[in-house]
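For reference, the structure is listed below as structure tokens.
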Amino acid sequence: MENVLKNAQSNDEPIIGSWLAIGHPEVAEMMALLDYEFIVIDREHTPISLETLENVLRAVENTTSSTESLVRVPSSDPTELKRTLDLDPAGIMVPMVETASEAESIVEATRFPPNGRRGIGIHRAANYSLDLDAYVETAGEDVSRYVQIETERGLRNVDAIAAVDGIDGLFIGPADLSASLGAFGTVNDSTFTDAVDRIVQSARNADISVGTLAISESERETRLNWDIDFLVAGVDSVHLLSGSKDALRHCRRVSKSVE
């Protein structure tokens, strides 16, 4: 199986994804039909359940696109990681990773013995036991593992985090990182931009990928110049609000001109 997320750093240009906060399969299906190279399904800040996640993953896979699904889990809890991977996304993204030991624990929790401590289940990822042997043999290396650098402590330890075997990429969390550095929202502040440079360089030194999120056009233009390998180019709920606001403003403007 091709895994563009796992090999993002080898591409000549950044791969482009989108963010799913609205937990409905139709929304995920529409994103995949647009041929985003990946979507991030957010379970940290949304009410998306595991049951809903399963249907969202099916919706993406049942399109004709090659869009991959990256699930942002709520935490690095091993049970959460195991149950998520049993649903067979292309990868996981773990928020608020601050130390190399935490990154190592994430890798261990996502690899089967003898290389890790993930429990063996017979759910969707193993085709409900029909392909269990093959899945156990290959899953540990097929899964993409991304960790978010979002705090000052994580920044201090980013070189060691990036160097952990089995970590495939770093994700710069702009909002939380800037807040942790005392510069929330002021992403042009040198404290924040220096942090970005350090994270990108850590990824380069470890030969893993690095990416971030950008919501507006100006953010996308700026962050594509960060020497990143992947960009999440917006959030579904923000797109919905933006389009709805534009339509409302247009109607009110036309109504006034008619009067």
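Points worth noting:
- If you go through the stretch 123-178 and keep only what is of a type in the set (S, T, N, Q) and at positive phi, you end up with ASN127, SER129.
Residues checked against (1) within 18 Å of the chain's Cα centre (by Cα); (2) at pLDDT below 95; (3) open to solvent by less than 40 Å² (accessible area, probe 1.4 Å); (4) basic (Lys, Arg):
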residue: THR191; (1), (2), (3), (4): no, yes, no, no
residue: ARG204; (1), (2), (3), (4): no, no, no, yes
residue: LEU213; (1), (2), (3), (4): yes, no, yes, no
residue: LEU224; (1), (2), (3), (4): yes, yes, no, no
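- Some residue of the stretch 161-170 being open to solvent by 10 Å² or more (accessible area, probe 1.4 Å), over 21 Å from LEU87 (Cα atoms) and in contact with an Asp or Glu (Cβ under 9 Å, 6 or more places away or on another chain): yes
- Looking across the stretch 226-259 at every residue that is part of a helix (DSSP H, G or I) and in contact (Cβ under 8 Å) with a residue 12 or more places away in the chain, the one that is surrounded by the most Cβ atoms within 10 Å (Cβ to Cβ) is identified as ASP236.
The values are calculated or read from the model by the stated rules, or taken from the named source; none is laboratory data. Remember, it's a predicted structure, so these values are computed and weren't measured experimentally. Note: ideal-geometry Cβ built from the backbone for every residue, glycine included; neighbour counts use all protein chains shown. Accessible surface is based on the protein model in full, side chains and every heavy atom, while ligands, DNA and RNA are left aside. Shrake-Rupley method; radii C 1.70, N 1.55, O 1.52, S 1.80 Å.
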